[in-house]
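Remarks on the structure that follows.
All of the numbers you see were taken from the coordinates with simple rules; none came from a lab. If you're wondering where the values come from, they're calculated on a predicted model, not measured in any experiment. For neighbour counting, all protein chains shown are included, and Cβ atoms are generated from backbone atoms with ideal geometry for every residue, glycine included.
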Amino acid sequence: MGIFNYFRKEVPVKTASTARDRLQVIVAHERSQRRQPDYLPRMQQEILEVIKKYINIEQDQISVQVDDTDDCSVLELNITLPE
Amino acid sequence: MAKIIVVTSGKGGVGKTTSSAAIGTGLAQRGHKTIIIDFDVGLRNLDLIMGCERRVVYDFVNVLNGEASLTQAMIKDKRIDKLFVLPASQTRDKDALTQEGVQTVLNELKENFDFIICDSPAGIEKGAQMALYYADEAIVVTNPEVSSVRDSDRILGILQSKSLRAETGGEPVKEHLLLTRYNPVRVDAGEMLSVSDVEDILAIPLLGVIPESESVLKASNQGVPVILDEQALAGQAYNDAVERLLGNEVEYRFLEVEKKGFLKRLLGGK
């Protein structure tokens, strides 16, 4: 900073906090995916195809998840039906 | 019995080879017999950073194929006693590294060294997985930047699922975060992720913070590991990281903006 722009302070844009927030979301999402079995995306795709035969839904309206607890695994299927 | 440490990152260009060279050199300087192995088959570069590129005769793949012995392929550093480099080959054959072959070489090295540093290639493919498979500890090199942090998290996932220790249910690979190219001025201005931001997201213990420094390029131009440049902040920061790797507590430096005097600021001095 030289003498000429000493008094002309710019208002800094805090992009680092945006970066942090975006990373926290995506990393958490990817970690939860990591623990899922390999066949899950394919199974999700196939379930989607079947439902699509009857109801018009999009990829993001269906979510498949496996939750492991100590002695049992739960397959959770969530489908948002259109209005 | 040697400790095997992989230097990895997922993303390319974040400073894996620079860090491998610096940390390996730092360990040898402290009297630990150390070998740095270049796992980047096809894109060998550790030899250039270490300044021994003209002395490469045989390489890692020659050893795996039985075309040369380990002693023939290892290059002894001319500056530091107890420091050796095993260069990667320039072959384009991606399948040159086999798990059994790597294991044989590492087992042989384990008998004679204190530390084996594996300089991983970028990516999460076979080469990178091979470099980390037998690791006892992992140094995850990360830049304070979104894509690097995300890739580091992916490589942590691989360490936790696809390393030998993970597969055999042994003690998990000990993870260390090495934050490189850190610029406190930009962090202060809110333009760059801070140390604590990256620590929060990756949730692994911090080994060191290397400030962005012109000396890193100067050192690589000359083929001198930057840790040997005692004037350079980056060199000093690597020295601190080596101490921490050896279990010593060292206070963090270079995390704050250097205070400039009034006159310096007025004249726009750097």
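Can you give the calculated 222 nm mean residue ellipticity of the protein assembly as shown, where each DSSP H run of n ≥ 4 adds -39,500 (n - 2.57) and the sum is split over every residue, rounded to the nearest 500 deg cm²/dmol?
Dividing the helical sum by the residues of the protein assembly as shown leaves -12000 deg cm²/dmol.
Can you bin chain A into rounded, prolate or oblate? Criterion: square roots of the alpha carbon gyration tensor eigenvalues sorted a ≥ b ≥ c, rounded for a/c under 1.5, prolate for a/b above b/c, oblate for the rest.
prolate
Put +1 on the Cβ of every Lys and Arg and -1 on every Asp and Glu Cβ in the stretch B:1-125; which of B:GLY66, B:LEU97, B:GLY12 then has its Cα farthest towards the positive end of the dipole?
With unit charges placed on the Cβ atoms, the residue in question is B:GLY12.
Arrange the peptides B:64-74, B:145-155 so that the one whose residues have, on average, the most other Cβ atoms within 10 Å appears first.
B:145-155, B:64-74
By its C-alpha gyration tensor, with a ≥ b ≥ c as the square roots of the eigenvalues, how is chain B shaped: rounded for a/c under 1.5, else prolate for a/b larger than b/c, else oblate?
prolate
Place +1 on the Cβ of every Lys and Arg and -1 on the Cβ of every Asp and Glu in chain B, take the dipole about the Cα centre, and give the residue among B:CYS52, B:ASN107, B:ASN239 whose Cα lies farthest towards its positive end.
The one lying farthest along the dipole's positive direction is B:CYS52.
Which net charge results for the neighbourhood of B:MET74, defined as the other residues with beta-carbon distances under 13 angstrom from its beta-carbon, given Lys and Arg at +1 and Asp and Glu at -1?
Counting the neighbours of B:MET74, the net charge comes to -1.
Sort B:MET1, B:MET130 so the one with the fewest other Cβ atoms within 10 Å of its own Cβ comes first.
B:MET1, B:MET130
Can you list the aspartates and glutamates whose alpha carbon sits under 19 Å from that of A:LYS53, skipping same-chain ones fewer than 8 residues off?
Filter leaves A:GLU83.
Mind sorting B:CYS52, A:CYS72, B:CYS118 by how few other Cβ atoms lie within 10 Å of their own Cβ, fewest first?
Details: B:CYS52 18, A:CYS72 7, B:CYS118 26.
Ascending number of Cβ neighbours within 10 Å: A:CYS72, B:CYS52, B:CYS118.
Mind checking which aspartates and glutamates have their Cα closer than 15 Å to the Cα of B:LYS82? Skip sequence neighbours fewer than 8 apart in that chain.
Within the straight-line cut-off, B:LYS82 pairs with B:GLU111, B:ASP114.
Once the other residues with Cβ under 10 Å from the Cβ of B:GLU53 are scored (Lys, Arg +1; Asp, Glu -1), what is the net sum?
Here the count lands on +2.
In the neighborhood of B:GLY157, defined by Cβ-to-Cβ distances under 10 Å, what is the net charge if each Lys or Arg adds +1 and each Asp or Glu adds -1? Walk me through the numbers on the way to the answer.
On the way: positive: A:ARG31, A:ARG34, A:ARG35, B:ARG154, B:LYS162; negative: A:GLU30, B:ASP153.
So the environment of B:GLY157 carries a net charge of +3.
Can you compute the charge dipole magnitude of chain B about its Cα centre, using +1 on each Lys and Arg Cβ and -1 on each Asp and Glu Cβ, nothing else charged? Give it in debye, rounded to the nearest 20.
Numbers: 31 positive and 39 negative charges, 143 e Å.
My answer is approximately 680 debye.
What does the structure give for B:189-196 when I average, per residue, the other chain Cβ atoms found within 10 Å of the residue Cβ? Could the numbers behind the result be given before it?
Numbers: counts 6, 7, 6, 3, 6, 3, 0, 1.
Partner Cβ neighbours, averaged per residue: 4.
With a ≥ b ≥ c the root eigenvalues of the C-alpha gyration tensor of the stretch B:178-243, is it rounded (a/c under 1.5), prolate (a/b larger than b/c) or oblate? Don't jump to the answer; show the numbers that get you there.
Details: a/c = 2.69, a/b = 1.58, b/c = 1.70.
It is oblate, given that a/c is not under 1.5 and a/b is not larger than b/c.
Averaging sequence separations of C-alpha pairs under 8 Å and six or more residues apart, then dividing by the length of chain A, give the relative contact order as a whole percent.
That works out to 19 percent.
Label points 7 Å out from Cα along the Cβ direction at B:ASN248 and A:ASP67: separation in nm?
5.0 nm
In whole Å, what are the Cα extents of the stretch B:131-261 along the three principal axes, biggest one first?
Result, largest extent first: 56, 33, 29 Å.
Would you please state which residues of the stretch B:177-208 a label at A:VAL13 would reach in this model, taking the label point 7 Å out along Cα→Cβ and a backbone N cut-off of under 19 Å?
Taking a point 7 Å out along Cα→Cβ of A:VAL13, the residues of the stretch B:177-208 whose backbone N falls under 19 Å are B:186-194.
Any idea what angle helix A:40-52 forms with the longest principal axis of chain A, computed on alpha-carbon atoms, 0 to 90 degrees, nearest 10?
Taking Cα atoms only, the helix is inclined about 70 degrees.
On a C-alpha basis, how far is the centre of the stretch B:198-245 from the centre of the stretch B:1-46 in Å? Whole number, if you could?
13 Å
Of the listed pairs A:LYS14/B:LYS16; B:LYS3/B:LYS174; B:LYS11/B:LYS33; B:LYS174/B:LYS218, which have alpha-carbon separations greater than 23 Å here?
Too far apart for the 23 Å limit: A:LYS14/B:LYS16; B:LYS11/B:LYS33; B:LYS174/B:LYS218.
Calculate the mean, over all residues of peptide A:17-27, of how many other protein chain Cβ atoms lie within 10 angstrom of the residue's Cβ.
Other-chain Cβ atoms within 10 Å of each residue's Cβ, averaged: 5.
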